[in-house]
Each structure stands twice: as C-alpha cells, then as structure tokens.
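What follows is a set of notes on a single structure, which appears directly below.
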Amino acid sequence: MKKIVGVLAFLFCLGLSFAADKAEGLWKSIDDEDNEVTAVWQIYEEGGLLFGKMLAVVDCPQDELAEDCKKSYKGFPLSGNVNEMPLVGTPWIFNMKKDSDGNWSGGKIIDPDEGKMYGCVIKYLAKGEKHKKYTAKEPTLAMAGTIGPIQVFQYWLPATQADIDAIVSLYPPKNNR
C-alpha cells in the first residue's frame, strides 16, 4: 500500500511539473484608447517557446487576410507569404522565451493591421498585482510591443469560448454570409 501511495504522489508531482504556464490560455486584447475588445487570442507553448494567435477578431470578417503585412518576416514560424495568411489562426506572437512562470520575452509580435514587427514581452499579473500604474482587477497579461528599450504595454483580460462565439456571430467569415 505504501508503494502505491508513493507512486501516486510521484505521478501527481510529475503532473504538476507539466502544468500549463500562467500566460497560456484565452485572452482578450483591449484597445488602450477606448477599452474595447479588439480580438480573442490563444496563448500557447510549443517546443519550449510561447506563441499567440487570434481566434476571433473584431471589426472585420473572420477570414480576412493580413494584406497589410510584408511577404516575410525574419523568424516567422510559418512558411508562405505572410500577407496572404488569415488574421485568425496565424501566430502573430512567436518565439517567446520563458524568463519565469508567466513571464516571457525575446520573441516577436506582428501588428497585422500595420504590418510592423516589434519585440515582445509578456508578464502575467495575478489579481491585485501592480504593474506600472495598472492594478490587475483579475488575472491579466501585460503585453508589450518593444522597440529597443521602449516598451508599450496593453493589458489583456481572460476570455472564454463565449467571447469567441459572440465576436464570430457579429463578424462572420465572408464565405459564410
């Protein structure tokens, strides 16, 4: 019996070591100026790196292409012409390296509306945690696009499948209209 309990305890601890990073999950990007949701993102880890792709985007059809992007970007994780890829489902955040649980840097983010690529920093904030002048009222991702030492942060909030469904119903793909 002691051996079974020991094995179960070991397996439980092993499972904890493979638990998802705090930054992983569904997040709503929030516009700095009007505090409106702009998209729902899936942040995920793959091969030890962090990525992020939009699952739903506001104000355009869900099958809209990233026509304002360049054909290619250094280090972009997919092959093909980036300016022919869809806004939804393409990893616009890529190659982030883990600093600590919930904290990532060293990767890139592309703003598909402008076609510009920036450095990227992600910091997970627990409820009540402060970052600069912002205090998290709920779990939050502090997302920064960076140019050299300059970091411009947005604060992203948790999202659900219902958030994705609501956006898709308002802005369905062109081919489903």
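Derivation of every value follows stated rules applied to the coordinates shown; laboratory data play no part. All values derive from a computational prediction rather than experimental measurement.
Hey, got the Cα dimensions of the chain along the principal axes, in Å, largest first?
Taking max minus min along each principal axis of the Cα atoms, the chain gives 62, 39, 33 Å.
Quantify how much of the Cα-Cα distance distribution of the stretch 99-177 extends past 20 Å, in percent. Mind dumping the intermediate values first?
Working: 1501 of 3081 pairs.
Percent of Cα pairs beyond 20 Å in the stretch 99-177: 49.
Starting from 0 in steps of 10 Å, tell me what percent of the Cα-Cα pairs of the stretch 50-149 lands in each bin.
15, 42, 32, 11, 0
List, in the order given, every pair from Lys22/Lys127; Lys71/Lys116; Lys28/Lys74; Lys74/Lys97; Lys22/Lys130; Lys22/Lys98 whose Cα-Cα distance in the structure shown is over 19 Å. Working shown, then result.
Numbers: Lys22/Lys127 13 Å; Lys71/Lys116 12 Å; Lys28/Lys74 27 Å; Lys74/Lys97 16 Å; Lys22/Lys130 16 Å; Lys22/Lys98 11 Å.
In this structure, Lys28/Lys74 lie more than 19 Å apart at Cα.
Please give the length that would be gained between Glu84 and Glu64 if that part of the chain were fully extended, namely 0.36 nm times their separation in residues minus their C-alpha to C-alpha distance (nm, one decimal).
On the way: separation 20, 0.36 × 20 = 7.20 nm, distance 0.94 nm.
Answer, rounded to one decimal: 6.3 nm.
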